[in-house]
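The block underneath contains the structure these notes are about, expressed in structure tokens.
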2 protein chains.
Amino acid sequence: MMSEKFYVVPEAEHNAVVQAAYLKRGFNLEESQAAAKFSAYASWHGIRTHNAIKALHLDDHFGSKSNGCVPDAGIEKRETKFAASQIWNANKKLGQATAYAAMEEAIAMADKYGIGQVSVDNAFHYLWGGGYVMDAAKRGYIAYTNCTAALAEVVPFMGKHPTLGTNPHSWGFPTTEAIGFPIVIDWATSVVAMGRVQQFKREGQSLPPDAAVDADGKMTTDPNKVAALSTFGRHKGYGLSMINEIVAALIGGSLPTIRCRWEGVENEKHTPAFYFQVIHPDAMSGNQFAQGRSQSENLKAVLEDIVGHGNDACLLPGQIEANSAARSQKNQGLLFSSAEIEEFNAIAKECGLAVWDESSFPVAV
Amino acid sequence: MMSEKFYVVPEAEHNAVVQAAYLKRGFNLEESQAAAKFSAYASWHGIRTHNAIKALHLDDHFGSKSNGCVPDAGIEKRETKFAASQIWNANKKLGQATAYAAMEEAIAMADKYGIGQVSVDNAFHYLWGGGYVMDAAKRGYIAYTNCTAALAEVVPFMGKHPTLGTNPHSWGFPTTEAIGFPIVIDWATSVVAMGRVQQFKREGQSLPPDAAVDADGKMTTDPNKVAALSTFGRHKGYGLSMINEIVAALIGGSLPTIRCRWEGVENEKHTPAFYFQVIHPDAMSGNQFAQGRSQSENLKAVLEDIVGHGNDACLLPGQIEANSAARSQKNQGLLFSSAEIEEFNAIAKECGLAVWDESSFPVAV
């Protein structure tokens, strides 16, 4: 990333364009603001795979233009006797607005019960799960989310046919006091994403081994022969992917192979599900740390032990995002390539807004 | 497993020997019964890596004979304002007794709040995490546990020196009504266990790629050159292993590199930590399943979709254990090899009990 040329776009300018694009699609002000804020957060942390451009592409393909997402939808909260749990019907509301709201409620329950969970049925893609748990972690909480990914593109271990989503997991931990940034563990359960296969194809490169299978279910490294993706770590990634499907099934999702595919199958549901969980760190603390350390000091000592002993080349999960955030901070804005600015300008035009003049933005250091 | 010759040992006879062995080491009746019951449960489900023989070896090396585990220890429950959370100081009590008790309390909290957690400081090895979550799953709950493994044998991703335990995760799901057995996802975060490296060495075989590193931190498939293990799935398994270390650090564990190594470092703690979590499935249900299905019927439909479409070769996680349990059921007892019976007889002799006569047991079908 460091060698590519980036321009510094003020966050307010970015948010104005993104908000306008969502408003134009019929989303309400709160939803449009949530979408803009979340995209800015992703770009601030260097998450180029889930920036505003991708968010709007996703809306085009699976969202408000194709029945997957309903602008201005209201969330219904189901009655429950379980005080540390909430169950929502999101009615296909915009994922970013839903996820922000769910995490807020999970935090409130964690403050009271030590732990809280929000299960969301009839959801729409929330983009980058790591962003929500990172946000909660920065506020001092342990946070977790998973969701079922839109399409069944992944073959179960020892299988032939894709019946699982790329089903990501995201965990965030409150390590800012200890090491300066929150540890965020956030990845899909496939070895690579389908977008990466396209990239390998364009670049004429081979895939990593064990990343994908051909039409016969045989492993292939040839991006031109890829029919479906594989889970990472063989049966272990398969198990992790299965968790999202089981959780979604318990919440209310139906068959993974028809998820986000709206034609053909009657009387089945096609929506993904979200699951959120937050834990208050005080609700786990035995308060008996060695050397009279505080909980945070103990965490610091443990993390330093892990990447000590000559393990200098190791990164802590979340460190790359923290480095990107530091660069954004230093440049006082969001960093976009020339190609990305062009795409933002296409979005701006669509909304009748003035386009950006690339040369008016400083080049990022 | 099917081709090896097994003898059918009645569970009561197994339990009598195991209980006596624990009583002889000073454990109280409740602890000794818990140890016997849990070992029987492991053997019933075909878990040969964590049967009673291994449990007692573990006690020899890290437990009551070497300060890691204290027979007849009392659990102290810390005062907490968080109603869905408990925090325990296990005072190095036997892991199996502690884990059974913790899971019971987590279930009681899940019944009330939808979710409950128990964090355990100053713990001792609980053997097979999958057993506790399987038990809870059979009773209708979603259950999760992780712990920090005894020794730091695993190198962090891109590192050279082992600073992480093999840190397992275990999830259990209430799928018995849907498919006949609980789905249990349960594995270490290293590619293989250190015991497996010894086995490869004995058998003169090569390790799988990416499973271990030599003294210079370079990947090796030669079991004779192995200095430490690797995490599965590169940075993804590393992240998962890191979770156990962070959770333990928040609870009260100290430096991973001195865990269960009692000499040399003053004023640090050397104990592992446990974390348990249980969720009531009703606390996640949106109650809006397609085709008028019940939650369990929906789960069944989703699981059948995943292993359908020609994916007949796929196993569901927990299926191997369920098959072993069916074989134990069919034979009406626990299945042990001749070598295992010999080891049980050594244990029996140590306790002054009559040894088993192998030829008196039926051969398993």
Point to revise | Residues of region A:247-274 that turn out to be more than 8 Å from chain B (Cβ to nearest Cβ), in contact with a Lys or Arg (Cβ under 9 Å, 6 or more places away or on another chain) and of a type outside the set (S, T, N, Q), as a count | key: 4
Practice item. Can you confirm whether region B:213-221 contains a residue that is within 11 Å of chain A (Cβ to nearest Cβ) and either within 25 Å of A:Thr166 (Cβ to Cβ) or not small (Gly, Ala, Ser) (or both)? Key: yes
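Please tell me if B:Lys81 is out of contact with any Phe, Trp or Tyr (no Cβ under 7 Å at 6 or more places or on another chain) and either at pLDDT 95 or above or closer than 29 Å to A:Gly286 by Cβ (or both).
yes
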Exercise for review: Return the total of residues in region A:275-285 being facing chain B (nearest Cβ under 7 Å) and open to solvent by 20 Å² or more (accessible area, probe 1.4 Å).
Suggested key: 1
Check your understanding: Which residue pairs have Cβ atoms under 7 Å apart, sit 6 or more places apart or on different chains, and have a first residue in region A:78-91 that is at the interface with another protein chain (Cβ under 8 Å from one of its Cβ atoms) and of a type in the set (A, V, I, L, M) and a second that is in a strand (DSSP E or B) and surrounded by fewer than 23 Cβ atoms within 10 Å (Cβ to Cβ)?
Key -> A:Ile87/A:Arg78
Exercise for review: Give the residues of region A:1-15 that are in contact (Cβ under 8 Å) with a residue 12 or more places away in the chain and not in a helix (DSSP H, G or I), sorted by residue number.
Suggested key: A:Met1, A:Glu4, A:Lys5, A:Phe6, A:Tyr7, A:Val8, A:Val9, A:Pro10
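Before we move on, is B:Phe62 within 14 Å of chain A (Cβ to nearest Cβ) and either touching a residue at least 24 places away in the same chain (Cβ under 8 Å) or not acidic (Asp, Glu) (or both)?
Judged against the criteria, B:Phe62 is not a match.
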Practice item. From the list B:Glu31, B:Glu4, pick out the single residue that is open to solvent by 40 Å² or more (accessible area, probe 1.4 Å) and not small (Gly, Ala, Ser). Key: B:Glu4
Review point. Looking at region A:190-198, is at least one residue crowded, with 20+ Cβ neighbours inside 10 Å and either of a type in the set (Ser, Thr, Tyr) or under 24 Å from A:Ala123 (Cβ atoms) (or both)?
Key: yes
Check your understanding: Pick from region B:291-325 the residues that are farther than 21 Å from A:Glu245 by Cβ and open to solvent by less than 60 Å² (accessible area, probe 1.4 Å): which of them is farthest from the other protein chains (Cβ to nearest Cβ)?
Key -> B:Ala325
Check your understanding: Which residue pairs have Cβ atoms closer than 7 Å, lie 6 or more positions apart in sequence or on different chains, and pair a first residue in region B:16-28 that is outside any helix (DSSP H, G or I) with a second residue that is open to solvent by 40 Å² or more (accessible area, probe 1.4 Å)?
Key -> B:Gly26/B:Asp72; B:Phe27/B:Asp72; B:Asn28/B:Asp72
Practice item. Residue by residue through region B:153-203, note down the ones that are under 17 Å from the mean Cα position of the chain (by Cα), within 12 Å of another protein chain (Cβ to nearest Cβ), assigned to a loop (DSSP other than H, G, I, E, B) and not hydroxyl-bearing (Ser, Thr, Tyr). Key: B:Gly165, B:Asn167, B:Pro168, B:Pro182, B:Ala188, B:Val191, B:Val192
Review point. Which of the following residues is surrounded by fewer than 24 Cβ atoms within 10 Å (Cβ to Cβ), more than 8 Å from chain B (Cβ to nearest Cβ) and assigned to a helix (DSSP H, G or I): A:Asn244, A:Asn224?
Key: A:Asn224
Study note, to complete from the structure: Subset of region B:114-161, residues without any contact (Cβ under 8 Å) to a residue 60 or more places away in the chain, open to solvent by 10 Å² or more (accessible area, probe 1.4 Å) and touching a Ser or Thr at 6+ places or on another chain (Cβ under 7 Å), comes to B:Lys138
Exercise for review: Output the residues belonging to region A:282-335 that are in a helix (DSSP H, G or I), under 18 Å from A:Gly140 (Cβ atoms) and polar (S, T, N, Q).
Suggested key: A:Gln295, A:Ser296, A:Asn298
Check your understanding: If you take the residues in region B:31-82 that are among the hydroxyl-bearing types (Ser, Thr, Tyr) and part of a loop (DSSP other than H, G, I, E, B), which one is farthest from B:Asn345 (Cα to Cα)?
Key -> B:Thr80
Exercise for review: Select from region B:92-122 the residues that are aromatic (Phe, Trp, Tyr) and within 13 Å of chain A (Cβ to nearest Cβ) and list them in ascending order.
Suggested key: B:Tyr113
Review point. If you go through region A:251-267 one residue at a time, how many are basic (Lys, Arg) and open to solvent by less than 60 Å² (accessible area, probe 1.4 Å)?
Key: 1
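The values are calculated or read from the model by the stated rules, or taken from the named source; none is laboratory data. Keep in mind the model is a prediction, meaning the values are calculated, not measured. Here the Cβ is made from the backbone with ideal geometry for all residues, glycine too, and neighbour counts use every protein chain on show. Protein only, heavy atoms only, side chains kept; ligands, DNA and RNA dropped before computing areas. Shrake-Rupley method; radii C 1.70, N 1.55, O 1.52, S 1.80 Å.
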